[in-house]
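Everything on this sheet refers to the single structure shown next.
The values are calculated or read from the model by the stated rules, or taken from the named source; none is laboratory data. Not measured: the values here are computed from a predicted model. All Cβ positions, even for glycine, are placed from backbone atoms using ideal geometry, and neighbour counts span all protein chains on display. Please note that ligands, DNA and RNA were not included when accessible areas were found on the heavy atoms of the full protein model with its side chains. Shrake-Rupley method; radii C 1.70, N 1.55, O 1.52, S 1.80 Å.
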Amino acid sequence: MRIICVAGARPNYMKVKPVMDALEERGADVILVHTGQHYDAAMNDVFFEDLGIRRPDHYLGVGSGSHAVQTARVMTAFEPLVEQVRPDIVVVVGDVNSTMACALVAAKSPARLAHVEAGLRSGDWTMPEEVNRVVTDRVSDYLFAPSPDAVVNLRTEGFRDEQVHLVGNVMVDTLLANLERAKASDVLSRLGLTAGGYGLVTLHRPANVDDPDVLRPLLAALEEVAQHCPLVLPAHPRAAGQLRDGRMSDRVQIVPPAGYLDFVALQASAKLVLTDSGGIQEETTVLGVPCLTLRDNTERPITVDEGTNQLVGRDPARIVKAALEVLALGWPRGPAHR
Ligand code: UD1
């Protein structure tokens, strides 16, 4: 069986690795295709090294662009490759533009299409990822759901029972497989941090970082939280310029994007995490670290049900109040520490 596995952007790598390993263990001929949506060493190469992913068999080199440009470039580069390789199955993971673009190509080819992380829904159509999730699922033959809520979403949308498989969360498989190695990271001492003595922040959603009128109050809220607990913020390239211009005090340490092992280590020892990411809501849940999500909705409600994650939106007063409450409750907290 010849299977193409697609990866394109940072949050894909930790999802594709255990799937490739499992397929190869079962004798599949796995071909790894990297679209090139992410390309900086800090967004890409370090993850391949940390996770032990082999070099991609094909690199499409699409780079950055508007949604339409990026999606179109992936599609026009991926289609001839699918015609040449003639895979039995194409596997896509997650919800980035590369996921949806390759899904559309595969759906119109003789190959069957499998989506890993199917069925997540935020209900927020302003998120590009929501469009990517719904479109990818719609054209998939096999829908691999990470959680029971995702299965319910798919059944509600009319997918047939035999298409939907509750398989668990592959990103969590990777987290647990690498936790001990991550704990050996020296990132805390490199950044002058002590375990349990800092908050970790990530911000990269277009809705939060692209408009200075939205970002400014968010940074003011972070500054206020930082007066109670120093913060470290590995900056996504999309937001790095605006964050630098934000002139934060030295209580908010803005650092380059972290590699996989370093970032897991930073999460595991944080007193609190503030984020607008999807995957970090899940990783903090497994690590038992309190997470405040700077969004009004989540496609990962299981993280809220488990008690580690709170949706605090973008209102600065609400963010600060929730953060101070979490800081007052002490550390550690959450399921993994109970
Ligand atoms: C993408 C995903 C998002 C995911 C995020 C993780 C989509 C629609 N969004 O958002 O779901 O959470 O990845 O990082 O697919 N850039 C670089 N170097 C890189 C990559 C990007 O400098 O290696 C800069 C470029 O200026 C680029 C911008 O970041 O225009 C945005 O990159 P893009 O891949 O379009 O979206 P992300 O914001 O990274």
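Some observations on this one:
- Subset of the stretch 221-244 that is more than 16 Å from the ligand (Cβ to nearest atom) and either at pLDDT below 95 or β-branched (Val, Ile, Thr) (or both) - its residue that is surrounded by the most Cβ atoms within 10 Å (Cβ to Cβ): 225
- Any hit, the stretch 21-29, residues being loosely packed, with under 14 Cβ neighbours inside 10 Å, among the acidic types (Asp, Glu), within 10 Å of the ligand (Cβ to nearest atom) and not in a helix (DSSP H, G or I): no
- Conditions (1) of a type in the set (A, V, I, L, M); (2) in contact (Cβ under 8 Å) with a residue 40 or more places away in the chain; (3) not in a strand (DSSP E or B): number failed by residue 69: (2)
- Filtered residue count, the stretch 245-265, keeping only those that are part of a loop (DSSP other than H, G, I, E, B) and within 15 Å of the ligand (Cβ to nearest atom): 4
- Checked against (1) open to solvent by less than 50 Å² (accessible area, probe 1.4 Å); (2) touching a His at 6+ places or on another chain (Cβ under 9 Å); (3) within 26 Å of residue 259 (Cα to Cα), residue 57 meets all criteria but (1).
- Of all residues in the stretch 241-253, exactly one satisfies the criterion of being in contact (Cβ under 8 Å) with a residue 12 or more places away in the chain and either within 24 Å of residue 14 (Cα to Cα) or charged (D, E, K, R) (or both), namely 251.
- Complete set of residues in the stretch 30-54 that are open to solvent by less than 40 Å² (accessible area, probe 1.4 Å), within 15 Å of the ligand (Cβ to nearest atom), closer than 18 Å to residue 261 by Cβ and not in a loop (DSSP other than H, G, I, E, B): 46, 47, 48
- In summary, strands (runs of 3 or more DSSP E) completely within the stretch 266-338 and bearing 3 or more residues that are of a type outside the set (S, T, N, Q) and at pLDDT 95 or above occur at 272-275.
- Checking residue 199 against (1) surrounded by fewer than 16 Cβ atoms within 10 Å (Cβ to Cβ); (2) farther than 21 Å from residue 9 by Cβ, the condition it does not meet: (1)
- Qualifying residue in the stretch 162-183 (condition: over 21 Å from the mean Cα position of the chain (by Cα) and closer than 27 Å to residue 71 by Cα): yes
- In the stretch 260-311, residue most open to solvent (accessible area, probe 1.4 Å) [restricted to those that are within 19 Å of residue 225 (Cα to Cα) and without any contact (Cβ under 8 Å) to a residue 24 or more places away in the chain]: 310
- Test for residue 216: is it within 16 Å of the ligand (Cβ to nearest atom) and without any contact (Cβ under 8 Å) to a residue 60 or more places away in the chain: no
- Flag if residue 124 is over 15 Å from residue 263 (Cα atoms) and of a type in the set (D, E, K, R): yes
- Any hit, the stretch 80-97, residues being aliphatic (A, V, I, L, M), away from the ligand (no atom under 16 Å from the Cβ) and touching a Cys at 6+ places or on another chain (Cβ under 6 Å): yes
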